[in-house]
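The block underneath contains the structure these notes are about, expressed in structure tokens.
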Amino acid sequence: MRFCPRLDVDTWLLSLVTIALYLFVPDPLLAEETGFRFGAHVSLNNQWARYTTPANRNLAAALQARTSSGSIETLPNDRLFHLYRSGELDCILTGGWPHDDPQLVSKHALSFEVRLFTRKDVDLGSKNQVLVGRLKQFPPPPLPLPDTMIDWVALQNLKQGFDLLRAGRIDALLADPSHVQNAPGAPHDGIVAADLPPVRRFDVPLLCHDNERNRHFLDILDQTSLTQ
């Protein structure tokens, strides 16, 4: 008659603890990929996703999947930079960083083809002077209005620009078509693209604090295809 060797009680307990840790404690690398807090100057919500490019939509979805809330926060320019500098935001989508301290920058970026938008009853080509709203982090680009005097209004966000345009306090707004939906009943009904060529194409990368967690995240993000 054969007998199994008797396990030492301490060895048996240690084996159970090891198995439990293996099964229930998350891999730190996996845990680092979630719980991020991202911010942007413009709204990257479902309404925007319907009208933007597949690459833009896929990048926004990849970022939203890494957050606790499932969304990218829309913030005014000054508030965005304040929360980022204080460490409350891990990364931001921005067209420019006004400080000298180095940051991590993603290879993938949101692409915006900016056009001039105005109200249906406004003919920009017939005006001698045009007041144009633009996001303050972007420098004023040349406009396809050669014989017109241009004055600029720096905006905190696009919502401010749409409000000013509807109220008649500016004549035109620089915006990406994905942020302007002119279907009846839409938020920007009555605002149309001016009969002019596109103004400029902007690429907006993800800017992150330089730390090990963010480097690991950006390495994974930059290796991800966004065209599928």
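The values are calculated or read from the model by the stated rules, or taken from the named source; none is laboratory data. Remember, predicted model here, so these are calculated numbers, not experimental data. Reconstructed Cβ throughout: ideal geometry from the backbone, glycine too, with neighbour counts over all protein chains shown.
Remarks
- Listed by position, the strands (runs of 3 or more DSSP E) inside the range 81-135 whose residues that are in contact with a strand residue (DSSP E or B) (Cβ under 7 Å, 6 or more places away or on another chain) and either without any contact (Cβ under 8 Å) to a residue 24 or more places away in the chain or not assigned by TED's automatic domain parsing to the domain that holds Trp48 (or both) number at least 2 are 104-119, 129-135.
- Some residue of the range 207-221 being in contact (Cβ under 8 Å) with a residue 40 or more places away in the chain, closer than 22 Å to Phe112 by Cα, within 16 Å of the chain's Cα centre (by Cα) and in a helix (DSSP H, G or I): yes
- Any hit, the range 163-174, residues being under 19 Å from the mean Cα position of the chain (by Cα) and not assigned by TED's automatic domain parsing to the domain that holds Gly39: yes
- Only one of Leu44, Leu63, Leu83 that is out of contact with any Phe, Trp or Tyr (no Cβ under 7 Å at 6 or more places or on another chain), among the aliphatic types (A, V, I, L, M) and at pLDDT 95 or above: Leu83
- Condition broken by Leu207, with the remaining ones in (1) modelled with pLDDT of 90 or more; (2) within 22 Å of Asp78 (Cα to Cα); (3) not assigned by TED's automatic domain parsing to the domain that holds Gly95 satisfied: (3)
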